[in-house]
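Novice: Quick one: the structure is below, and I'll ask about it shortly.
Here, each number is a calculation from the coordinates, and none is a lab measurement. This one's a predicted model, so the numbers in the text were calculated from it and none came from an experiment. Every residue, glycine among them, receives a Cβ derived from its backbone with ideal geometry; neighbour counts consider all protein chains shown.
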Amino acid sequence: MRVAQVAPLYESVPPKMYGGTERVVSYLTEELVQMGHDVTLFASGDSMTSANLVPMCPNALRLNSACIDQLAHHVLMLERVYAMKEQFDIIHFHIDYLHFPLTRREKVVSVTTLHGRLDIPDLQPIYQEFGDMPVISISDFQRTPLACADWRGNVYHGIPARSYEFNDQPEGYLAFLGRITPEKGIDEAIRIALKTKTPLKIAAKIDRVDEEYFRTTIEPLLDHSLIEFIGEIGHDRKNSFLGNAKALLFPINWPEPFGLVMIESLACGTPVIAYPYGSVPEVLEDGVTGFIVDDVESASRAVHEIGEIDRRNCRMQFENRFTSSRMAQDYVGLYRQLLGGESRSMTVDEGVPVG
């Protein structure tokens, strides 16, 4: 099968540091190549892949201080994708709805994985107008606000089993990994750590839009011996950071579409303590791979009970549900359905792989 993967240009594929969507695109691309498919990746020029790379800008845009208009690069990418359309059996987009007007007018088979939150009112008119665009969700919860979309399946994210090592001898600290932003609950994580008198290590990036929030709300909370702010880390440091933690704190307060860090933690054998929003109940099994809790009080109790969780079960759940090989197989099944001319949305009960 000749497959095009169209990635956002904000981060390289895979990203040097933070970047969930681009990391998933990388894992999927490499698995498809291993399966014998002819894959072309449209991404930034500093991407690393065994697929055919079509570089759309020299470097990823987020860390490029010379880039003023990021949208311009994506428009040029779409022109390049469609200029090459005859070379592909299917085009898999990961850039939200940006390509919809072009795709509607071009005779190509395509599908789009939606990686972000969909409960934004501005999105309703887009998906009502473009209800003919086949899309894939990354959790059942994610699709709830957009019943009008042409959902073709649900594919949970996956990561390579070999990229994270199981650790059954953790140290005594809690971990927080992600972005410094109100919706990720970093302030809640700090309160949980202080209430339980447990060291907390924070590995997180700070986007420009969140700099004031960090300075005014979070930075004053870091002045405590139990709290260690590490900053943004790359993939090469995640294994030890997560694997050595006795638990990952995931006290989100927003409708998380998936939460890649949860399965990265499970891959290391590290259980997760999370608030019950978004995809959390789909990814975690309460009492088996961690604890799903409601507030600081219940999260604090979970910290004290975290030793009851068998870390081997965490790794086993990851291997059964969240590997990149499973993810790629699910996507190939959906590609074949689309190429076979399926014209209606399919449900889980009708046989779409869902992970």
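Novice: Among rounded, prolate and oblate, which fits region 2-157 when a ≥ b ≥ c are the square roots of the eigenvalues of its C-alpha gyration tensor, a/c under 1.5 means rounded, and a/b larger than b/c means prolate?
Specialist: rounded
Novice: Which whole-number percent is the relative contact order of the chain (Cα, under 8 Å, 6+ apart)?
Specialist: Relative contact order comes out at 16 percent.
Novice: Based on the Cβ-Cβ distance of residue 35 and residue 162, what FRET efficiency does E = 1/(1 + (r/R0)^6) give at R0 = 25 Å, to the nearest 0.05?
Specialist: The computed FRET efficiency comes out at 0.95.
Novice: Okay, moving on. Based on the alpha carbon coordinates of region 1-45, what radius of gyration and maximum Cα-Cα distance (Dmax) apply, in Å?
Specialist: 10.2, 31
Novice: Quick check: Cα centre of region 209-235 to Cα centre of region 1-75, how many Å?
Specialist: Here the answer is 29 Å between Cα centres.
Novice: Per DSSP helix of 4 or more residues, -39500 (n - 2.57); summed, then divided by the residues of the chain. What does that give at 222 nm, rounded to the nearest 500?
Specialist: -9000 deg cm²/dmol
Novice: Straight-line reach only, C-alpha to C-alpha below 28 angstrom: list the lysines that residue 107 could link to, leaving out same-chain residues fewer than 8 apart.
Specialist: 85
Novice: Which lysines have a Cα lying under 21 Å from the Cα of residue 238, excluding residues fewer than 8 positions away in the same chain?
Specialist: Of all the lysines, those that pass the test against residue 238 - Cα under 21 Å, at least 8 places apart if same chain - are 16, 184, 201, 205, 246.
Novice: Arrange the following residues from fewest to most other Cβ atoms within 10 Å of their Cβ: 174, 71, 61.
Specialist: Exposure proxy ranking, most exposed first: 71, 61, 174.
Novice: Identify all aspartates and glutamates with a Cα-Cα distance to residue 197 below 16 Å; exclude those on the same chain that are fewer than 8 residues away in sequence.
Specialist: Leaving aside aspartates and glutamates fewer than 8 places away in the same chain, those within reach of residue 197 are 171, 187, 188, 223, 228, 297, 305.
Novice: While we're on this one: Would you mind checking region 28-51 for residues with the amide N under 14 Å from a putative spin-label position 7 Å along Cα→C-beta of residue 84?
Specialist: So the set is 38-51.
Novice: Given 0.36 nm per residue, what is the gain on full extension from residue 294 to residue 108 after removing their alpha carbon distance, in nm?
Specialist: Going from the current span to full extension adds 62.4 nm.
Novice: Ok, one more. Rounded if a/c is under 1.5, else prolate if a/b beats b/c, else oblate: with a ≥ b ≥ c from the C-alpha gyration tensor eigenvalues square-rooted, which is region 252-306?
Specialist: Oblate.
Novice: Continuing with the same structure: Taking 0.36 nm per residue of sequence separation and subtracting the Cα-Cα distance, how much length would be gained by fully extending the chain between residue 208 and residue 66, in nm to one decimal?
Specialist: Gain on stretching residue 208 to residue 66: 49.6 nm.
Novice: Further question on the same structure: Taking other Cβ within 10 Å of each residue's Cβ, how do 254, 151 sort, fewest first?
Specialist: Neighbour counts put them in this order, fewest first: 254, 151.
Novice: With the cut-off at 1.5 for a/c, could you classify region 165-320 from its C-alpha gyration tensor as rounded, prolate or oblate?
Specialist: Rounded.
Novice: With a 10 Å cut-off between alpha carbons and a GNM built on the chain, which of 40, 198, 144 moves the most?
Specialist: Maximum among the listed residues: 144.
Novice: Here is a follow-up. Label point 7 Å out from residue 2 along Cα-to-Cβ: which residues of region 76-107 have amide N under 18 Å?
Specialist: So the set is 79-93, 106-107.
Novice: Relative to 2.2 N^0.38 Å, what does the C-alpha radius of gyration of the chain come to as a ratio? Two decimals please.
Specialist: With N residues counted in the chain, Rg over 2.2 N^0.38 Å equals 0.99.
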